[in-house]
Each structure stands twice: as structure tokens, then as C-alpha cells.
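In what follows, a single structure is set out as C-alpha cells and then discussed.
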Amino acid sequence: MPTDTKRIRGPEVSQSLSRFICKPETTLPSDGTRADGRNRDQVDVRPVFVRCGLVSQAKGSAYIEAGNTKLICCVYGPKETERKDETDMKCGRLFADMRFAPFSCPERGSWIQGSQEKDLSLMVLESLQPAVCLHKYPRSQIDVNVMVLENNGSALAHAITCASLALADAGIEMYDLVLGCSIRQDGASYLIDPTFLEESGSYWASGENQGSLTVSFLPSLNQISGLQSDGEMGEGTLTAGVRTCIEGCYKLYPVIQQALVKAVRGAAPPPSES
């Protein structure tokens, strides 16, 4: 019987490392604070680390880190489209693909794209399309690939921001950057930029106004390009949640601008000495 020569089998008495991992708490503090020290009902997003141009093989790339949520995005193109029809003659096509690395979640996943990843890819695409000048690229296609390296909550919102930054780094003409922000609604209270434990909903009580909301926002144009909502929330609560997400996007905007300006200055040739 053939054996697997590419793996080193452990001893028969060995135990899985998952047995020794400390399980996170399933309840929140009652004093209004969150596990990472932020307060509820405040526009308090996690500190963000952003870099552009890390992948030399791609036309544009970006890396974003918000708390323990880490994502990287690569943009390829514009290149000649494979499918040619009347639509492609007038404007280009944008393709988005979002995947989770097998080691990104507490439970190891598969490299095969699942239904959740396909839905998230569609949401990223719908959020980016209004901001890209596709009429400038006839008969062309632009591929956006997002990889979640570690998922600690708000992966969709940060994927939209990371993809927008990578498009700008690739020199794709855009009307504006697209920033994403998420909240988790818990009755009359909300948590902005929730972590994986906060958005999982394992400890949330059943009742009214229980859900999550992700908003894609164009800050310079003051327009919303995408909105995704889960759960049950009233009209007033949903409206207030959208305003809170917009405020969170404005907080991220200076950081994203600074990272993009730094990347442009780093790529620019040094001034010639006369």
C-alpha cells in the first residue's frame, strides 16, 4: 500500500494542539467595555496599519491590518478580456475574488472557494464597480484578488478598503477611493468594527434590533456604493447604523490617504541633479 512521503506522521500517543488552546470568553463585560478595551456606542475603530506595493508581480497591491484582522490584495490588469461581446467593446470588466486562507479562521478551512466566499466576492465587486472608471478601459478586464490571512472580524469591510487601495496603487482611474466599515447592533447598543467573537453572535440575546451592517462609502463624493445587512433591524436603527459607519469611514480616510501618498512618493524617480 503506498504511503504519503510528503508528511511526517506523529507518534500514536500525540494529541491535537487544539486541546491546549485557551477558549475565548463567550460573554461581554457588563460595564460597557469590550474585550480589546474599546467602548460600546462610540465610533472607536481599531488601529489600522496599511502598506501599498508589497507584491512586485502584481500591477498593484495593498496590505491592511486592523487589530488581528490581516488582508492582502493584488490587482492584475487592465488586460485583454477573454470574452468579447458588445458590452466589452464599450467598457471594461471588473472581476473580484475574495478567499480565506485555510489558517485564517479558528476552524481550518479549504482552498476550494465556498458559498460564503462567493457571496463576499460579489459584495466586494458591487462595492468597487461604482468607483472604477471602466469606460476608460474598453475591451479590457481588471482582476482583483483578496486573500484574508487572519480573520478577527469585519473581514468584508477591510477587504473593500484593501481592494480599493490596491486599485489606486495599480494606477486604475477611479472616481474616489472606497472605504468599508461594519457595526454589530445589539438592541439599542452597537459595536463598531466588531471582532470575530463579537460578530459571531454566539452570546447575543434574541430580540429586536439584532444584526450586523457593512457600508461601502466614497468619502470625497459623499456617496454610498454598497450596503450589506444581516439580521433584523428597524428603519430608525438601520439609518443610525449607516450614519455611524460613514463616520467610521471618515476616521479611516486620512490613514488610507497617507499610505497612498507614501507609496506614490516611494515609486517616483528621484529628482535629477542639474
(request) List the aspartates and glutamates whose Cα lies under 20 Å from the Cα of LYS90, skipping any in the same chain that are fewer than 8 positions away. (result) GLU80, GLU82, GLU126, ASP143, GLU173
(message) Starting from a Cα-only point model with no solvent, please compute log10 I(q)/I(0) by Debye for the range 206-246 at q = 0.23, 0.26 1/Å.
(response) -0.73, -0.88
(request) Give, as a single signed number, the net charge of other residues whose beta carbon lies under 10 Å from the beta carbon of TYR63, with Lys and Arg counted +1 and Asp and Glu -1. (result) +1
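We did not get these values from a lab; they are worked out from the coordinates using the rules stated. Just so it is clear, the model here is predicted, and its values are computed rather than measured. No Cβ is skipped: glycine too gets one built from the backbone with ideal geometry, and neighbour counts run over all protein chains shown.
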